[in-house]
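J.: Take a look at the following structure, please.
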Amino acid sequence: DLVVDGLPDEFPVPRFAASVRPTRPEPRTTLVGRHEVVDTVLDSLSTTRCTTITGASGIGKTRVAIEVADRIDGGDGETGVLWVDLSGVQTDAVGASVMTTCSVAQRPGRSPVESLVDWLAGQNVTLVLDRCDECLTGVAELVDAVIGGSRTVRVLCTSQRLLGLDGEVVHRLEPLDTAAATELFVDRAGAVGVSDLDRTLVAEICEQLDRMPFAIEIIAAGAAASRLDEIRDLLAAGGLPSMASNSALARSVARAVGVGIESLRPIDRERLLAATVIPGSFDRSMFAAVCAPDADAASLTRTLGELVNASLVHPDPSGGRAVFRVLDPVRAFAAASAHEESVRAASGRLGEFALELSEQVAGGLRGAEELRWLLALERGFDTLRFVFDRALAAGDIAQAAQLSTQLWEWAFFRYNTEYFDWGRRLLAASDDPDDPRLSRVHGVVALGHWFRDDFDATFDRANDALRLERSFGGPFSLPARLALINATVFAGANAPPADVFEEAAEHQRNLGEPFYRVNVEAQNAMMATWLGQHEIAERRAVRCLKIARSSGNPSSIAYALWVLGQAIEHDDPERAEHLLDDALQQARDVDNRWVISLTQTGLASIRRRTTGPMAAAPLLVGLLEQLPRAGHWAQ
């Protein structure tokens, strides 16, 4: 060693040239659907010191970070970025791991973190810390020290959780939108020689995969071995196919999900595993009922917040309400950790919730807040379908019968033929033709057959409903009577049986709800209209509208407006047209397709006579768009 008087004999560790800096992974595929996110992260790094890309495992955090790093370096990989992969690194080894990756020697008397901070001081670089989940506390300590020790170093982290540092800017990745997900599938399938794909079918598969990039890439890579319809059916039958199980990416995601689950408090872990039995989205009330039945509001809020922060539950704000979802890749790997007894208990609570939800929605749709309950049903319909399928498979006739009949009015008004098929499937699965619990099911199925213009089947199912009701003590079936009345009228046969008509009216009067009173008054008014008793028809229709307005139910109001318009059309077509216009708007506001069809028919009739056929044409085109969707071709 050479020592010269007046010159220092101790020097900091030499800074390494850019050529020996750690290199980031090279992108092997094109980036799809994340360019706006990359731009946003770059903007963030230009103004803040610490940025975290977060989101569920497999959602593409590392791929976005690679693209950001590539943009910072200008594509040459020579300057500006230090990339460190922290997968498998323990919390107390973060500093040493980063030092090793960056080829930094530990200085005497200084810790690894301190040595790294000294080395970074004054450098204008972006330190990318990828896959921080297993050592998050250590990463937070390192980043805090680096930012405090240098004003020129920026840090970009990828993690399922936030670091929790002051000034940290977070970018949470969402699943791809449908267009980008489809494009990703097509691109990755093209890489294995599969082209000319049916994009509609591809989009359906991507939706089944929650539009998660990792799952899409795995399935697309296997597209050469299976037809798209086979992949779709396999996914519908129970999650990711076997082609995904041996994928290195799938194993990586499984490891990351496992780390995230293990980091939870036991009570939060238990509630997450219970949430894997919920097939689709859920709100706080469903989560509470199924996953945390004994939790208070504060505990429930804390758990949901923790699961969202850990990127194990995905938040999906919808219509001003907080809605959540366990993404399918997380569900698939998390469910494997659940205890069978706990899953069985959660499944039982899910069934109870579905029954209660169907009953609440059915009642709510008849009240003043019809639109709110429509949205609730839209959010919960996947759950109802799942529980019905499960009950049918288990032979639980009582549960399946309730779920397939409770919402018949909604299915009738919205032309939802799928719901009528639930009852058909239940009847096909039953081996007891005299089971009285199925009387309402026969009635709802009869109504579905009427929608499809199958009058013979309508009469058969409706009469079966009445037989089970009258001879075996089954519950009263209003749908069976409505199906008989409608089929008799539309088939051009004689007038509906008087006893059936009166039974339907008396039953609705006894129910006492304004919704049903409107129906009875409407039927009486229409009967008078058909008989040419115009003054009586108008008087009854006015009474009908008064009851409807007092109920506040939009469908009832729309129906009553149509009834009044029909009653006065003979004497005052101009006023009738205004009433039908109002009815049409009310019905459209709540997507009541039955009343929409009635009013469009009435308006077309009036305008054909008062203005001319061309004025009626747009309304008739609207009918042609509506009715075939219900199978109602004969209309």
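The values are calculated or read from the model by the stated rules, or taken from the named source; none is laboratory data. It should be emphasised that the depicted structure is a prediction, and the values quoted were computed from it without experimental measurement. With ideal geometry, Cβ positions are generated from the backbone for all residues, glycine too; neighbour counts draw on all protein chains shown. Side chains are part of the model used for accessible areas, which takes the heavy atoms of the whole protein and leaves out ligands, DNA and RNA. Shrake-Rupley method; radii C 1.70, N 1.55, O 1.52, S 1.80 Å.
J.: Please give the solvent-accessible surface of L447 in Å², to the nearest 10, using a probe radius of 1.4 Å with every protein chain present.
T.: 0 Å²
J.: Let me ask something additional. Express the C-alpha Rg of the stretch 133-180 as a ratio against the empirical globular expectation 2.2 N^0.38 Å, rounded to two decimals.
T.: Working: Rg = 13.6 Å, N = 48, 2.2 N^0.38 = 9.6 Å.
The stretch 133-180 yields a ratio of 1.42.
J.: Can you compute the modelled spin-label distance between R151 and D187, with each label point 7 Å from Cα toward Cβ, in nm?
T.: Computed distance between label sites R151 and D187 equals 4.0 nm.
J.: Still on this model: Taking a ≥ b ≥ c as the square roots of the eigenvalues of the Cα gyration tensor of the stretch 463-532, is the shape rounded (a/c under 1.5), prolate (a/b larger than b/c) or oblate?
T.: Numbers: a/c = 2.63, a/b = 1.21, b/c = 2.16.
Cα axes put the stretch 463-532 in the oblate bin.
J.: Also, quick follow-up: When the solvent-accessible surface of protein heavy atoms is calculated with a 1.4 angstrom probe, in what order do D434, D196, D283 fall, highest first?
T.: Descending order: D196, D434, D283.
J.: Per DSSP H run of n ≥ 4, the term is -39500 (n - 2.57); total these for the chain, divide by its residue number, and report the mean residue ellipticity at 222 nm rounded to 500 deg cm²/dmol.
T.: -19500 deg cm²/dmol
J.: Ignoring ligands, DNA and RNA, what percent of the accessible area of the stretch 298-457 is carbon or sulfur (1.4 Å)?
T.: For the stretch 298-457, the apolar C and S fraction of the accessible surface comes to 51 percent.
J.: Could you work out the equivalent-ellipsoid semi-axes for the stretch 338-404, taking the square root of 5 times each eigenvalue of the Cα gyration tensor, largest first, in whole Å?
T.: Semi-axis lengths for the stretch 338-404 are 25, 13, 9 Å.
J.: Sticking with this structure for a sec: What shape does the stretch 269-326 take by its C-alpha gyration tensor, where a ≥ b ≥ c are the square roots of the eigenvalues and a/c under 1.5 counts as rounded, a/b above b/c as prolate, and the rest as oblate?
T.: Judged from the Cα gyration tensor, the stretch 269-326 comes out rounded (a/c under 1.5).
J.: Separate question: Return P(r) of the stretch 556-620 (all Cα-Cα pairs; 10 Å bins starting at 0; whole %; ordered from short to long distances).
T.: 27, 56, 18, 0
J.: Using the eigenvalues of the Cα gyration tensor, what equivalent ellipsoid semi-axes result for the stretch 383-497 when each is taken as the square root of five times the eigenvalue, whole Å, largest first?
T.: Values: eigenvalues 104, 53, 22 Å².
Sorted largest first and rounded, they come to 23, 16, 11 Å.
J.: Here's another thing I want to ask about it. Just for the chain, what percent of DSSP beta bridges are antiparallel, to the closest 5? Don't skip to the answer; put the middle values down first.
T.: Details: 4 of 22 bridges.
Once the DSSP bridges in the chain are tallied, antiparallel ones form about 20 percent.
J.: Ok, one more. If I model a spin label as a point 7 Å beyond the Cα along the Cα-Cβ vector, how far apart are those points for A237 and S337 in nm?
T.: The modelled label-to-label distance comes out at 2.9 nm.
J.: What is the diffusion coefficient of the stretch 57-123 in µm²/s, taking the Kirkwood radius over Cα pairs and the Stokes-Einstein relation at 25 °C with a viscosity of 0.890 mPa s?
T.: 180 µm²/s
J.: Let me ask another. Using the crude model of +1 on Lys and Arg Cβ and -1 on Asp and Glu Cβ, and no other charge, please compute the dipole size for the stretch 248-406 relative to its Cα centre, in debye to 20. Please list the in-between numbers first.
T.: On the way: 17 positive and 20 negative charges, 84 e Å.
Result for the stretch 248-406 is approximately 400 debye, rounded to the nearest 20.
J.: Also, I was wondering about something else. Suppose all protein chains stay in the model; what accessible area per residue would a 1.4 Å probe give for the chain, in Å²?
T.: 46 Å²
J.: What shape does the stretch 280-399 have by the C-alpha gyration tensor, where a ≥ b ≥ c are the square roots of the eigenvalues, rounded means a/c under 1.5, and otherwise prolate means a/b greater than b/c and oblate the rest?
T.: Since a/c reaches 1.5 but b/c is at least a/b, the shape of the stretch 280-399 is classed as oblate.
J.: Along its principal axes, what span do the Cα atoms of the chain show, with the longest given first and each in whole Å?
T.: Here the Cα extents, ordered largest to smallest, are 123, 57, 52 Å.
J.: Which translational diffusion coefficient, to the nearest whole µm²/s, is obtained for the stretch 386-430 from the Stokes-Einstein equation, given a Kirkwood hydrodynamic radius over C-alpha pairs, 10 °C and 1.306 mPa s?
T.: Reported coefficient: 152 µm²/s.
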